[in-house]
Amino acid sequence: MSESRLTRSETDKMIAGVCGGLAEYLNLDPVWVRLMFVLLLFASGIGAPIYLVLWIIMPREAVAGEPGNTVLQDNFDDLSQTVSDKVGRLNRPSTVGTLLILFGIYFLLSQTGWFHWLNGAIFWPIVIIGAGAYMLMRREES
């Protein structure tokens with residue numbers, strides 16, 4: 001009996017390979033796993049934190065047999081590199097425009113009552129965590 005390991009996919013990834021790795025482990029189509037995360041995000045807001053935790057704890061295929069601290073260091077390095085690459089693509093006008101659009105969506109949805117989780121209990125902590133990660137990435141570049 002072959003033992004399959006839960007690892008992040010290097011070939012089937014859109015952000016970090018978490019959904020691709022889960023799909024491979026569960027023998028599912030990755031689209032279904034991605035859809036599950038999106039539904040969890042909009043239904044209860046828990047999809048993004050689960051994805052982030054899995055990104056941190058699931059090893060890449062290349063370091064799957066390494067000790068835990070090596071895997072965590074590799075995952076944090078990958079997370080940092082991915083975030084800095086994405087942030088590096090943004091310039092000042094696109095950043096301001098993106099923030100205005102996101103705040104507009106937040107206020108619109110909070111007024112319509114469609115997403116009760118946007119009451120601030122989850123939204124603002126995520127915004128603060130994101131801003132803190134951004135500031136740390138900018139500090140390391142200088």
Looking at Ala64, Ala48 in this structure, which one is closer than 21 Å to Tyr25 by Cα and touching a Lys or Arg at 6+ places or on another chain (Cβ under 8 Å)? Ala64
Odd one out for Ala16 among (1) under 20 Å from Ile129 (Cα atoms); (2) of a type in the set (A, V, I, L, M); (3) in contact with a Lys or Arg (Cβ under 9 Å, 6 or more places away or on another chain); (4) at pLDDT below 80: (4)
Taking the stated definitions as given, is Ser9 touching a helix residue (DSSP H, G or I) at 6+ places or on another chain (Cβ under 9 Å), in contact (Cβ under 8 Å) with a residue 40 or more places away in the chain, of a type in the set (Ser, Thr, Tyr) and loosely packed, with under 14 Cβ neighbours inside 10 Å? no
For the structure I just gave you, tell me whether Asp77 is surrounded by fewer than 16 Cβ atoms within 10 Å (Cβ to Cβ), of a type in the set (Asp, Glu), within 17 Å of Tyr134 (Cα to Cα) and modelled with pLDDT of 80 or more. yes
Residue hits (segment 13-36; of a type outside the set (D, E, K, R), surrounded by fewer than 18 Cβ atoms within 10 Å (Cβ to Cβ) and either assigned to a helix (DSSP H, G or I) or at negative phi (or both)) are Met14, Ile15, Tyr25, Leu26, Leu28, Val31, Trp32, Leu35, Met36
If you check Arg34, Arg60, which single one turns out to be of a type in the set (Lys, Arg), modelled with pLDDT of 85 or more and assigned by TED's automatic domain parsing to the domain that holds Leu6? Arg34
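The values are calculated or read from the model by the stated rules, or taken from the named source; none is laboratory data. Bear in mind that the values here come from a model prediction, so they are computed numbers and not experimental data. Every residue, glycine among them, receives a Cβ derived from its backbone with ideal geometry; neighbour counts consider all protein chains shown.
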